[in-house]
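The next block holds one structure in the form of structure tokens; read it before the comments.
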Amino acid sequence: MSSDLAPRNTSSTAPIPADDDNRYKAVQAKLKKLSSAMDDAALELEGLRRDMKGNAAHTEDVVTDIENADLDPKFIRLTVSVALALVGAAREVGTLSDIAQETADLTHQTRRTHAKLYGALDDIRSGRREKTPRPGFFNR
């Protein structure tokens with residue numbers, strides 16, 4: 001059981017810059033980094049949920065041991081409360097893990113849709129030596 005709250009892999013969880021760079025390749029890179037970070041978060045949260053469920057089960061075993069040792073009922077009640085809190089926290093971490101995975105899936109989908117809509121245009125614009133109007137220029 002560890003109380004280390006530092007992230008395990010800090011290289012892939014670096015913040016994604018919120019800048020004005022809306023070029024095709026920059027947007028694709030930001031979406032890729034976001035989806036990767038959300039995939040990592042979902043995995044980490046799922047591991048945390050499993051650990052919390054294991055701790056809750058262990059705490060329930062401790063309750064049985066305390067009862068068998070004929071200790072003060074106050075300690076039994078406190079330990080049961082801890083076990084219930086761990087079960088509830090594990091449930092909520094599971095929900096958060098599901099949301100993180102859903103966000104990752106939507107980010108992957110957004111990246112594919114963005115590539116489908118603007119990839120060919122970027123290839124054309126990148127292949128020209130002359131400057132071309134930015135997307136949306138003729139929509140005025």
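The values are calculated or read from the model by the stated rules, or taken from the named source; none is laboratory data. The shown structure was predicted, so the numbers you read here are calculated from the model rather than taken from an experiment. FYI the Cβ positions are ideal-geometry reconstructions off the backbone, even for glycines, and counts take in every protein chain you see. Keep in mind that these areas ignore ligands, DNA and RNA; they rest on the heavy atoms of the full protein, side chains included. Shrake-Rupley method; radii C 1.70, N 1.55, O 1.52, S 1.80 Å.
A few remarks follow.
- Taking Rg and Dmax of the Cα atoms in Å as calculated from this structure, the corresponding entry among [x] 25.4, 80; [y] 18.6, 62; [z] 24.6, 86 is [z].
- What you get for region 31-100, charging only the Cβ of Lys and Arg (+1) and of Asp and Glu (-1), is a dipole of about 340 debye around the Cα centre.
- Charge tally in the Cβ shell below 11 Å around Ile76, where Lys, Arg are +1 and Asp, Glu are -1, Ile76 excluded: -2
- Cα-centre dipole for the chain with unit charges at Cβ (Lys and Arg positive, Asp and Glu negative), debye to 20: 1580
- Percentage relative contact order, the chain, counting C-alpha pairs under 8 Å, at least six apart: 32
- Per-residue SASA remark: Ser81, around 70 Å² accessible (1.4 Å probe; ligands, DNA and RNA not included).
- Surface share of carbon and sulfur [accessible, 1.4 angstrom probe, percent] for the chain: 56
- Only protein heavy atoms count here; on that basis, with a 1.4 Å probe, Lys32 has an accessible area of about 120 Å².
- Residue-normalised accessible area of the chain, expressed per residue, 1.4 Å probe, Å²: 76
- Computed from backbone phi with θ = phi - 60° and the Karplus coefficients 6.51, -1.76 and 1.60, the 3J(HN,Hα) list for region 95-104 is 4, 4, 4, 4, 5, 5, 5, 4, 5, 4 Hz; x is used for glycine and proline.
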